[in-house]
Amino acid sequence: MASSAKTTLNQSAALAPHPARPIVEYDPPACLHPDLESRSTVDISPSEIVRRQSAAWPGLHVETVQVLRHKPFEIGFRAPCHLLIAAELGERYDGETFVEGLPRSTLRDFTHKLTFVPAGHDFRGWQLPRALTRTTYFYIDPRGPLADPALRFGEIEFKPRLYFYDRDLMETALKLKSQVENSGSRHRQHAEALGIVLTHELVRINSGAAHREPVNRGGLACWQQKLVAAYIEEHVADDVPLAALAELARLSPFHFSRSFKHSFGMPPHRYHAHRRIERAKQLLADRKLSVTAIAIAVGFSETSTFSAAFHRLTGQTPSRYRRNLD
């Protein structure tokens, strides 16, 4: 076993470029797009060694990338959007990473490290992976609709950062990553709320101090509560954007989320989920309707996902709940 591992290590080391190429002399391979300014995602070459999965919400595109083979690869990106990189697993035998405005890095182990590339900055590099890298890329529109207007997010001159760690930012990033991977339980309002938090976290780390958020001393006004609750009830089976609810209340998405939680005791996405299950309970009383039909009626594409959500909020499966109605 040890001999086999040693052989693999020696073979991998033999693949490493010798001598290491300085990043300032980096030349993208032919298969990389020549105009990175027009690209919306990080270029990885060769592309066949990675698996990508992505999801998008207003002003935010999240992409998970898994390296599948221990082969050298190169990366490059430049676009008019901010790029946040969260490395869940990153170990390399050799390689360099460059973010415009910072010295190059040859860090070998960047697991649980974050990198921030401001809009318009160049990001590029190469590596010979020691472990099969798992990374999530967050492409953030500087003038996205979810950023709190009070932040003036689109006017901030962000500083580049390479291989740093921030617990709160990493936790938010991993929550958004789970929204990409768990497509069956993906909830638009929750993802948008996390996107709002992400923008605030980026402002905080850019300032180098704890960000002082506007004081919120109250919740929604009575008319706002009634209007929003009625809208959710009417669209209980739909994937309602957080921005749409905020617009109804005439608030920014950030302030709406805070005020909603103050008034209803839970975030908008959780309230919506509870209302779906309450509607499902009503429908389960009708024996003519199948559990599958009810799942679809309250906005679930799969019966298994509906059953899991129902059980999570009630402690029972839909079928058991129906039997207990007798």
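Annotations for the structure displayed:
- Residue within segment 119-134 that is on the phi > 0 side of the Ramachandran plot and outside any strand (DSSP E or B) present: yes
- Flag for THR305 being surrounded by 13 or more Cβ atoms within 10 Å (Cβ to Cβ) and without any contact (Cβ under 8 Å) to a residue 60 or more places away in the chain: no
Rundown of residues vs (1) surrounded by 15 or more Cβ atoms within 10 Å (Cβ to Cβ); (2) of a type in the set (Ser, Thr, Tyr); (3) outside the structural domain of ARG188 (by TED's automatic domain parsing), yes/no style:
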| residue | (1), (2), (3) |
| --- | --- |
| GLY219 | yes, no, yes |
| LYS226 | no, no, yes |
| VAL236 | yes, no, yes |
| ARG250 | no, no, yes |
| PHE256 | yes, no, yes |
| SER259 | yes, yes, yes |
| ASP286 | no, no, yes |
| SER290 | no, yes, yes |
| PRO318 | yes, no, yes |
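- Given (1) at pLDDT 85 or above; (2) loosely packed, with under 13 Cβ neighbours inside 10 Å; (3) within 30 Å of GLY101 (Cα to Cα), number of the condition LYS177 does not satisfy: (2)
- Selected residue [of a type in the set (Ser, Thr, Tyr) and closer than 17 Å to ALA79 by Cα] from THR133, THR115: THR115
- Residue tally, condition polar (S, T, N, Q) and over 29 Å from the mean Cα position of the chain (by Cα), over segment 299-321: 3
- Index of the failed condition, SER257 passing every other in (1) part of a helix (DSSP H, G or I); (2) touching a Gly at 6+ places or on another chain (Cβ under 9 Å); (3) hydroxyl-bearing (Ser, Thr, Tyr): (2)
The values are calculated or read from the model by the stated rules, or taken from the named source; none is laboratory data. This is a predicted model, so every value here is computed, not measured. Virtual Cβ from ideal backbone geometry, glycine too; neighbours counted across all protein chains shown.
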